[in-house]
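Accompanying notes for the structure given below.
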Amino acid sequence: MNSDSQKDKVRQLLSVMKTLRSPQGCPWDREQTHKTLKPFLMEECGELLDAIEDEDAEGMQEELGDILMHVVLHSVMAEERGAFTFEDVAKSAVEKMIRRHPHVFGEANANTSQEVIGLWEKVKKEEKKKDRNSVLDGIPRHCPALLQAEKMQKRAAKCGFDWDKADQIIDKIEEELEELRVALRNNKADEIDEETGDLLFAVVNLSRFIGRASAEELLAGANAKFLKRFKYIEKKMTELEQKMSHDNLPLMERFWNEAKTHS
């Protein structure tokens, strides 16, 4: 497909979204706001990540299209109130990519990925300096909480606020676990919630410090493992015509242990 055809498709998508938002368009689309679309955009991003994980090229194409539709729709809604246009969005992206790659479009040198990351961070820091009073400013509030915790910890670590070794973090995890036990014994709901959060934060710190994989990836792996093993239990219980209930917990635990030997 040549560049003119590609531009035509983008223009066509813009035209479709503007029509949907017009008085003669779709009632549902006309009612939407930036905020009402947030959960749908989050869902589309999750579906794209699933397609990437599954190496599903057809699914990736579809989900990227859905996300592009959201980008265009948000841009059309902003244009309606005179804030910015889709062209402005594209222009900003082009300028940012050129600005953050001075080793490609400028005079800087970078021969390794680490050097590139260093340049990227330097330029990014200069861009955001005027808007940030803390090193923790700018971390997205709506990103997954595990990822948010890891980003905060990494930034704090760059300032020297970090542990010296993993054993210290394990001691911290045990300390938080004991505090949670005390809260449970005292049956104090607010303290239970707070200490559970502190325990999760400490576990994220350990995975971040070890540096092999992000806490988000590790939990996703644990989720996938649980899903596989639980479906094995369901399959076996169905074969025996047994009900999935607490009364059958010993049998379900037996199948759980069987599933562990298969994974």
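The values are calculated or read from the model by the stated rules, or taken from the named source; none is laboratory data. Keep in mind that this is a model prediction, so the values were computed, not measured. Please note: Cβ atoms are built from the backbone with ideal geometry, for glycine as well, and neighbour counts cover all protein chains shown.
With respect to being loosely packed, with under 13 Cβ neighbours inside 10 Å and in a loop (DSSP other than H, G, I, E, B), E107 fits the description. Screening E234 against (1) closer than 24 Å to I173 by Cα; (2) not assigned by TED's automatic domain parsing to the domain that holds I169 leaves a single unmet condition, (1). Of the numbered criteria (1) modelled with pLDDT under 95; (2) under 24 Å from D50 (Cα atoms), the one C159 fails is (2). Contact map, region 209-223: residues that are surrounded by 13 or more Cβ atoms within 10 Å (Cβ to Cβ) and at pLDDT 95 or above paired with residues that are assigned to a helix (DSSP H, G or I) and of a type outside the set (D, E), Cβ distance under 8 Å, separation 6+ or inter-chain. Pairs shown: F209/A166; F209/I169.
With respect to E127, determine if the residue is in a helix (DSSP H, G or I) and modelled with pLDDT under 90. When the stated conditions are applied, E127 passes them. Close Cβ contacts (under 8 Å, 6 or more residues apart or on different chains) running from residues in region 32-45 that are in contact (Cβ under 8 Å) with a residue 40 or more places away in the chain to residues that are part of a loop (DSSP other than H, G, I, E, B) and loosely packed, with under 12 Cβ neighbours inside 10 Å comprise K38/H142; M42/H142. If you check L200 against the conditions, is it crowded, with 16+ Cβ neighbours inside 10 Å, over 19 Å from the mean Cα position of the chain (by Cα) and assigned to a helix (DSSP H, G or I)? When the stated conditions are applied, L200 does not pass them.
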